[in-house]
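The numbers here are math on the coordinates, done by the rules we state, and not lab data. Quantities reported herein were computed from a predicted structural model and do not represent experimental measurements. Here Cβ is always computed from backbone atoms with ideal geometry, including for glycine, and neighbour counts include all displayed protein chains.
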Amino acid sequence: MFAVADMVSRTGGRSTRRVAILSEGGGPISQAADALAERGLDLPRLATETEARLKTITPAATQLSNPVDAGGATDPHPRYFPLCSKEILGDPVVDALLIVGYFGGYQVRYGASIAETENTAAREVVALAKQAGKPVIVQCHYAEFATAAIDILRAGGIIVVRSIEIAAACLAGAECYHQVVIADRRVEEGQSPPPARPAASKIVAGAQAERRRGLLEPEALELLASYGVEVPPFALLRSPSEAASLPVTLSLAPVALKIVSKDILHKSDVGGVRLGVTGSPAIEAASIALLAHIGKVCPDAELAGVLVAPMAGKGVEVIIGVTNDPQFGRIIMFGLGGIFVEILKDVVFRALPLDRREAESMLDEIRGHALLTGIRGSRPVDREKLISLLVDVSRVATSHPEITEIDLNPVIVNSEGYVIVDARMLLA
């Protein structure tokens, strides 16, 4: 963690995606190439001119295309490293250089006679890195030894680590931070989410005029719909008798009934939900009973009516939420949802705004991500629609700073898309 943080702070947001590897042996090169590939970093082919100049430096080298094996049939020697580094860092296809092997520790392995040559080489590599303005990191088998060469490298701003895996993690972390920086720049340059939709602003303004601390669920659904979010058909019964005029989509299929009140945030906690009700007469009767029940358990609650929505099909229950974090500002959450969300605690977070790439990575980071890919004969969920929902919720949150919290839980996702079963939004 400290090595990655050090690398990120030193690179300052520069890209490290295209990495060149320099070593004097095939073993460390193979390990480094695998470690970089596993972390999504590239090994670009060096320019023909670069390879030709490297050939004049190390005629016996076995590989010059990247990775660069400067040892070949010759005895390993530190004098090759600054000469090769200069050519590699000067190649425009290279963002960063990873040196692996003995460099920094030759004086331990081969004795004091080579120390001054290695120390000079270390100074030259430091100067070349600063001149090129490209990150250089050294993986040395003897990184835990206090050699003068390693001290020179570290004092010159080059990180030296013992592990190839940690070196690869440093470069991957720096590239990840680079992606964050360019995303921030896009926002600063005006490529921010579009302004608030007029219909959504009208809904929020109405709630604020009534000095409410949140939107009613029908309002939250309408606001989401104004941003293109797919919401289920619904109706608000301000009186149970209105059940007789419900559309066919709600009157003939099983529906859920939910109490609507600015004073009741968690409906299930007070028995404010009825499930599987079919037909207008049954809906009217169930609404009467539901209102009577809430009148007893929450006598001071101001009731706006009963929300009627279709019963959701089977699928994976997930949660999508937005809140304000004192350190990171506006953040979005995704994870396994439903009534067990606080027990499972299988959620991940991102700072807003959110793009599709980050949204997709959130799906893969939860521990239960296999549930989204289909297990025991179930079909995979529609990832594209779920990713779009995350991005849409991000857009809603960034367009409406007055909405302090968004809680969509559960959202049932399956191969056909998603259904928002419950939506809650709090206001500043």
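Given the peptides 228-235, 215-222, arrange them by the average over their residues of other C-beta atoms within 10 Å, most packed first. Show your work: numbers first, answer last.
Values: 228-235: 16.2, 215-222: 21.9.
Answer by packing, highest mean first, reads 215-222, 228-235.
Let a ≥ b ≥ c be the square roots of the eigenvalues of the Cα gyration tensor of the range 333-428; is it rounded (a/c under 1.5), or, if not, prolate (a/b larger than b/c) or oblate? Write down the numbers at each step before the final one.
Details: a/c = 1.77, a/b = 1.52, b/c = 1.16.
Note, shape of the range 333-428 comes out prolate.
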About the Cα centre, charge dipole magnitude for the range 1-133 (Lys/Arg +1, Asp/Glu -1 at Cβ), debye: 300
Test of understanding: in a Gaussian network model of the chain with alpha carbons linked when under 10 Å, which of G321, G295, G338 would top the mean-square fluctuation ranking? G295
Give me a comma-separated list of calculated 3J(HN,Hα) values for the range 13-21, in order, Karplus coefficients 6.51, -1.76, 1.60 applied at θ = phi - 60°, integers in Hz, x for any Gly or Pro. x, 6, 6, 10, 5, 9, 10, 9, 10
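Once you charge only the Cβ atoms, +1 for Lys and Arg and -1 for Asp and Glu, what is the size of the charge dipole of the chain about its Cα centre, to the nearest 20 debye?
So the magnitude is around 240 debye.
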Which of the trypsin sites (Lys or Arg not before Pro) found in the range 356-419 are in a DSSP loop and have at most 10 neighbouring Cβ atoms, other than their own, within 10 Å? R376
Net charge of neighbours whose Cβ lies under 13 Å from the Cβ of A359, counting Lys and Arg as +1 and Asp and Glu as -1: -1
Regarding the range 182-335, what is the average projected area of its C-alpha convex hull, in nm²? 11.9
Residue (of A112, A132, T56) at the positive-pole extreme of the range 44-142, dipole from beta-carbon charges: A132
Would you grab the residues whose amide H sits under 5 Å from the one on G417? Only those 5+ places off in sequence or on another chain, please, with H modelled 1.01 Å from N. D382
So the pair-distance distribution of the chain, from every Cα-Cα distance in 20 Å bins, comes to percents of 22, 37, 24, 14, 2
In Hz, Karplus ³J(HN,Hα) per residue of the range 415-421 (6.51, -1.76, 1.60; θ = phi - 60°; x = Gly, Pro): 5, 9, x, 9, 10, 7, 7
Set of lysines with alpha-carbon distance to K258 below 28 Å, sequence-local pairs under 8 removed: K202, K267, K296, K314, K345, K385
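Considering only DSSP beta bridges with both partners in the chain, what is the antiparallel share in %, to the nearest 5? Don't skip to the answer; put the middle values down first.
Working: 44 of 59 bridges.
Taking every DSSP beta bridge within the chain, about 75 percent pair in antiparallel fashion.
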Amide H within-cut-off set for T404, under 5 Å, with H built and near neighbours excluded: L426, L427, A428
Would you list, by chain and number, the lysines whose Cα falls below 22 Å from the Cα of K130, excluding same-chain residues fewer than 8 positions away? K86
Helix 198-209 axis, angle to the chain major axis (alpha carbon atoms, nearest 10°): 70
Can you work out ³J(HN,Hα) from phi for every residue in the range 217-233, in order, using Karplus 6.51 cos²θ - 1.76 cosθ + 1.60 and θ = phi - 60°, giving whole Hz and x for Gly and Pro? 4, x, 5, 4, 5, 5, 5, 4, 4, 5, 9, x, 6, 6, 10, x, x
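Once you sort the root eigenvalues of the Cα gyration tensor of the range 128-240 as a ≥ b ≥ c, which label holds: rounded (a/c under 1.5), prolate (a/b larger than b/c) or oblate (the other case)? Don't skip to the answer; put the middle values down first.
Details: a/c = 4.59, a/b = 3.37, b/c = 1.36.
In terms of gyration-tensor shape, prolate.
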If you find the alpha carbon centre of the range 367-395 and of the range 119-140, how far apart are they in angstrom? 45
Percent of all Cα-Cα pairs per 5 Å bin for the range 276-387, counting from 0 up to the last occupied bin, reads 2, 9, 15, 14, 13, 12, 12, 12, 9, 2, 0
Percent relative contact order for the chain, counting Cα pairs under 8 Å at least six residues apart, stands at 13
